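Student: This is the structure I want to talk about, given as structure tokens.
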Amino acid sequence: MFTQLTDWFPVLLSLRVAFISVFIISFLGLPLARLMARREFYGKEFVEAAITLPLVLPPSVVGYALLVVIGKNGLLGKTLAGMGITLVFTWYAVVLAATVVAFPLMYQSAKAAFQSVDVNLEKAARTLGAGEVRIFFTVTLPLAWPGIVAGLVLSFARALGEFGATLMVAGNIPGQTQTIPTAIYFAVESGRNEAARTLVAIITVFSFLVIFWVNRWAKKQKH
Amino acid sequence: MWSMAVSIILFSEAENPGNLPMIITAFYEVIQLLEAQLTKKLWHFKLDVHFKVKNQILLLWGHSGSGKTTILHLLAGLLQPDSGFVKVNERLLYSDAEKINVSPQARNIGYLFQEYALFPHMTVRQNVFYGLKCKKCKGDEPLVDPVELLNSFGVGHLLDRYPRQLSGGEKQRVALARALAVRPRVLLLDEPFSAVDKKTRVGLRKELRKLHEQWQIPFILVTHDEEDASYLGDEVIHLEKGRMRDLTTSFTGYARGLRADNTAYVQM
């Protein structure tokens, strides 16, 4: 049924990419979600729609948009090329694609989680003399934590499984930009069904375990 | 900060040839005073109030949606008024004319929230110590020991419980201890008895009276309950659509009578 996997590169790259993009997503997404959860400003709906867009657009469209930006003749790509930096068809592009596509999942979960925290708790902390940073880390974040973890898991899974945008901006270069999903596609394409099966099994079992663990953890948090 | 009653015993031979000790009791009443004049445009009406409170219980009484909670928020600095000022003991906390707006963190105004707003993920101990950790870094005046406060409220044994394990009355006491632990100059109470049953309510009202007598700072209490108003209000502001209908002490006589009846009963 399964063959010994000869090339572990796609598995390692996928995991590495997923971890790095989730890190970037948390770093940018949490402050943004916190801001959007409580502030009202002119044009907020517009910004929100733009942030959520990669979630609903076909990944090939996101990939195309990224090419327009970081491609060799792209808006940013040209400047970077002048500095001797190429992003397209490197593993950085894989990270970028995964980050952009998975970002809305983290953002949406975190925003909902922050909004679910009773405002009066933050106000109470303020009247007790706590500064905004302390309030965030001692009141808001701990109470929003379950929702944030859900966002982390969802975005991790999405980053791990990213296919369309990745293929467009990073291609499928074995040993360089080949991830589990692209490796599966091209294995099937070239009739290497056994290699595909092994990768499918790996990603399925891994994803299952992550979701299983998070659900159990979430249940424990309630008690 | 505290109103102090200092008893000085003088042995004045010149005036008291019989060598009788003359006891002079000098009251150094440091009057805590809050004055506020506030306007703010709200959804359906414009809030426009002006009042002064000494070491008294001021009651904001009115139907829901009459702007009571908004006034508390404006005093605490959680909301910003359109114009006016807030002054506590001659210190301006807010003034649109002088462009002063002290942050809620630095106002030193205690706030007991409706439903108490205890931090659900912290134990009672962590809740009541929360404010002290902020104060310590500022090196302010000596603070109150929250554990002693809890003991005096009869809930000292609940230190390691979580808020969800407490009854309404217990939550209220913990929230009071948390607010008072940072030694506020004014205490705001938003519907303090709304989350407890009728029987507990009567007891808590008496405790609050007693507490006010101990602390001697202005208490501003929001309620829509007439019994609260008659029992607790030294002064009552009747709010209707953001305006003061009358500033009345008419409840006071009744309240005093009630209090006299209950003095023996008051036990903290």
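Results for (1) of a type outside the set (A, V, I, L, M, F, W, C); (2) out of contact with any helix residue (DSSP H, G or I) (no Cβ under 7 Å at 6 or more places or on another chain), shown as yes or no for each residue.
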| residue | (1), (2) |
| --- | --- |
| A:Phe41 | no, yes |
| A:Val62 | no, no |
| A:Leu75 | no, no |
| A:Thr79 | yes, yes |
| A:Thr99 | yes, no |
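Student: Please enumerate the residues belonging to region B:96-129 that are of a type in the set (Ser, Thr, Tyr), at pLDDT 95 or above and over 21 Å from B:Ser194 (Cα atoms).
Tutor: The answer is B:Thr123, and nothing else.
Student: Right, next: Out of region B:81-128, which residues are of a type outside the set (Gly, Ala, Ser), in a helix (DSSP H, G or I) and either within 14 Å of another protein chain (Cβ to nearest Cβ) or touching a residue at least 40 places away in the same chain (Cβ under 8 Å) (or both)?
Tutor: Those that are of a type outside the set (Gly, Ala, Ser), in a helix (DSSP H, G or I) and either within 14 Å of another protein chain (Cβ to nearest Cβ) or touching a residue at least 40 places away in the same chain (Cβ under 8 Å) (or both): B:Pro104, B:Gln105, B:Arg107, B:Val124, B:Gln126, B:Asn127, B:Val128.
Student: Can you spot a residue in region B:208-227 that is in contact (Cβ under 8 Å) with a residue 24 or more places away in the chain, among the polar types (S, T, N, Q) and in contact with a strand residue (DSSP E or B) (Cβ under 7 Å, 6 or more places away or on another chain)?
Tutor: Checked region B:208-227: at least one residue is in contact (Cβ under 8 Å) with a residue 24 or more places away in the chain, among the polar types (S, T, N, Q) and in contact with a strand residue (DSSP E or B) (Cβ under 7 Å, 6 or more places away or on another chain).
Student: Among the residues in region A:68-77, are any in contact with a Leu (Cβ under 6 Å, 6 or more places away or on another chain), buried (at least 20 other Cβ atoms within 10 Å of the Cβ) and farther than 23 Å from A:Ala113 by Cα?
Tutor: Within region A:68-77 (the criterion being in contact with a Leu (Cβ under 6 Å, 6 or more places away or on another chain), buried (at least 20 other Cβ atoms within 10 Å of the Cβ) and farther than 23 Å from A:Ala113 by Cα), the answer is yes, since at least one residue qualifies.
Student: Report yes if A:Val153 is farther than 30 Å from B:Leu188 by Cα, aliphatic (A, V, I, L, M) and buried (at least 20 other Cβ atoms within 10 Å of the Cβ), otherwise no.
Tutor: The answer is yes for A:Val153.
Student: Let me ask you something else. Among the residues of region B:123-136, are any buried (at least 19 other Cβ atoms within 10 Å of the Cβ) and within 19 Å of B:Arg243 (Cα to Cα)?
Tutor: no
Student: For region B:216-233, which positions are within 13 Å of the chain's Cα centre (by Cα), buried (at least 19 other Cβ atoms within 10 Å of the Cβ) and modelled with pLDDT of 85 or more?
Tutor: Answer for region B:216-233, where residues must be within 13 Å of the chain's Cα centre (by Cα), buried (at least 19 other Cβ atoms within 10 Å of the Cβ) and modelled with pLDDT of 85 or more: B:Ile217, B:Pro218, B:Phe219, B:Ile220, B:Leu221, B:Val222, B:Leu232.
Student: Output the residues belonging to region A:128-185 that are without any contact (Cβ under 8 Å) to a residue 40 or more places away in the chain, more than 21 Å from A:Leu35 (Cα to Cα) and outside any loop (DSSP other than H, G, I, E, B).
Tutor: A:Ile184, A:Tyr185 - these are the residues of region A:128-185 that are without any contact (Cβ under 8 Å) to a residue 40 or more places away in the chain, more than 21 Å from A:Leu35 (Cα to Cα) and outside any loop (DSSP other than H, G, I, E, B).
Student: (1) within 14 Å of chain B (Cβ to nearest Cβ); (2) more than 30 Å from B:Pro120 (Cα to Cα); (3) small (Gly, Ala, Ser): which one isn't true of A:Gly43, the others all being true?
Tutor: So the condition that A:Gly43 fails would be (1).
Student: Name every residue in region A:99-158 that is in contact with a His (Cβ under 7 Å, 6 or more places away or on another chain) and either more than 9 Å from chain B (Cβ to nearest Cβ) or aromatic (Phe, Trp, Tyr) (or both), in order of residue number.
Tutor: Passing the criteria: none in range.
Student: Considering every residue within region A:105-125, establish whether at least one is without any contact (Cβ under 8 Å) to a residue 24 or more places away in the chain and in contact with a strand residue (DSSP E or B) (Cβ under 8 Å, 6 or more places away or on another chain).
Tutor: Yes, because at least one residue in region A:105-125 is without any contact (Cβ under 8 Å) to a residue 24 or more places away in the chain and in contact with a strand residue (DSSP E or B) (Cβ under 8 Å, 6 or more places away or on another chain).
Student: Another question about this same structure. Can you run down the residue pairs with Cβ atoms below 6 Å, 6 or more apart or on separate chains, where the first is in region B:50-71 and without any contact (Cβ under 8 Å) to a residue 24 or more places away in the chain and the partner is of a type outside the set (Phe, Trp, Tyr)?
Tutor: Between residues of region B:50-71 that are without any contact (Cβ under 8 Å) to a residue 24 or more places away in the chain and residues that are of a type outside the set (Phe, Trp, Tyr), the close pairs are B:Lys52/B:Glu35.
The values are calculated or read from the model by the stated rules, or taken from the named source; none is laboratory data. What you see is a predicted model, and the numbers here were worked out from it, not measured in a lab. Note that each Cβ is placed from the backbone with ideal geometry, even for glycine, and that neighbours are counted across all protein chains shown.
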